[in-house]
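Only one structure is covered here, and it is reproduced in the block below.
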């Protein structure tokens, strides 16, 4: 039986949207910050339904069976990526190319973060004149592909559904862990 969004989840998403979209009183926050907050609220609203894992799969997000962790720093993970390649090159806050899930402790998956992925125009790691931005933040990169056939690209992570103590747009989240035996050999 498919799980549905519970009233508590809907209420939590609504509160998150209200908190994110609320105007700030500080004079330090300009129009870019207002736009960034509005875009983040849009991303919350667009991805809330993916708290139910089956909704993400039904909408074309293909699960990877392996959990991705930080192999270099060994200080966190992304979780289980779910890519929908029709959203590659999207800078629309409603259309992330990837969703990241972690194990929920009950045999299911919990949405923790999202990612936008944009291919580098000239496919050179030495130039970045086409670097995109979203949420008032420049994408990281250009980066080489993570698997054979993936183009040189820019990426922007957003830890929308689980706080990342290192920052909202950091690649790996130390609060996300891969269970033993779930990472790519």
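The values are calculated or read from the model by the stated rules, or taken from the named source; none is laboratory data. Please read all numbers here as calculations on a predicted model, not as lab measurements. Every residue, glycine as well, gets a Cβ built from its backbone with ideal geometry; the counts of neighbours run over all protein chains shown.
Inspect all residues belonging to region 85-107 and state whether any of them is in contact with a strand residue (DSSP E or B) (Cβ under 7 Å, 6 or more places away or on another chain), free of Cβ contacts under 8 Å to residues at least 40 places away in the same chain and part of a strand (DSSP E or B). Yes, region 85-107 has at least one match.
For every residue, the table says whether it meets (1) free of Cβ contacts under 8 Å to residues at least 24 places away in the same chain; (2) touching a strand residue (DSSP E or B) at 6+ places or on another chain (Cβ under 7 Å).
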{"site": "138", "(1), (2)": "yes, no"}
{"site": "149", "(1), (2)": "yes, no"}
{"site": "157", "(1), (2)": "no, yes"}
{"site": "161", "(1), (2)": "no, yes"}
{"site": "165", "(1), (2)": "yes, no"}
{"site": "169", "(1), (2)": "no, yes"}
{"site": "174", "(1), (2)": "no, no"}
{"site": "177", "(1), (2)": "no, yes"}
{"site": "182", "(1), (2)": "no, yes"}
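Residues of region 131-162 that are surrounded by 13 or more Cβ atoms within 10 Å (Cβ to Cβ), more than 17 Å from the chain's Cα centre (by Cα) and not in a strand (DSSP E or B): 131, 150, 151, 152.
Do you know which of the residues in region 104-120 that are modelled with pLDDT of 95 or more and under 16 Å from residue 162 (Cβ atoms) is surrounded by the most Cβ atoms within 10 Å (Cβ to Cβ)?
Going residue by residue through region 104-120, those that are modelled with pLDDT of 95 or more are 109-120.
Going one step further and asking which of them are under 16 Å from residue 162 (Cβ atoms), we end up with 109-115.
Working: 109: 23, 110: 17, 111: 24, 112: 22, 113: 28, 114: 24, 115: 20.
Top of the filtered list is 113.
I'd like the full set of residues that are more than 16 Å from residue 107 (Cα to Cα) and in contact with a strand residue (DSSP E or B) (Cβ under 8 Å, 6 or more places away or on another chain), limited to region 58-71. Give the steps one after another, and end with the answer.
Step one: filter region 58-71 for residues more than 16 Å from residue 107 (Cα to Cα), giving 58-62, 68-71.
Once the filter is applied, which keeps residues that are more than 16 Å from residue 107 (Cα to Cα) and in contact with a strand residue (DSSP E or B) (Cβ under 8 Å, 6 or more places away or on another chain), region 58-71 yields 61, 62, 68, 69, 70.
The numbered conditions (1) surrounded by 13 or more Cβ atoms within 10 Å (Cβ to Cβ); (2) without any contact (Cβ under 8 Å) to a residue 24 or more places away in the chain are all true for residue 126 except (1).
A quick yes/no check of all residues on (1) touching a strand residue (DSSP E or B) at 6+ places or on another chain (Cβ under 7 Å); (2) in a helix (DSSP H, G or I); (3) loosely packed, with under 14 Cβ neighbours inside 10 Å; (4) modelled with pLDDT under 60:
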| site | (1), (2), (3), (4) |
| --- | --- |
| 18 | no, yes, yes, yes |
| 28 | no, no, yes, yes |
| 41 | no, yes, no, no |
| 45 | no, yes, no, no |
| 55 | no, yes, no, no |
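For first residues located in region 32-50 and in contact (Cβ under 8 Å) with a residue 60 or more places away in the chain, partners that are assigned to a helix (DSSP H, G or I) and lie 6+ apart or on another chain with Cβ distances below 7 Å form the pairs 40/20; 44/13; 44/16; 44/17; 44/20; 50/56.
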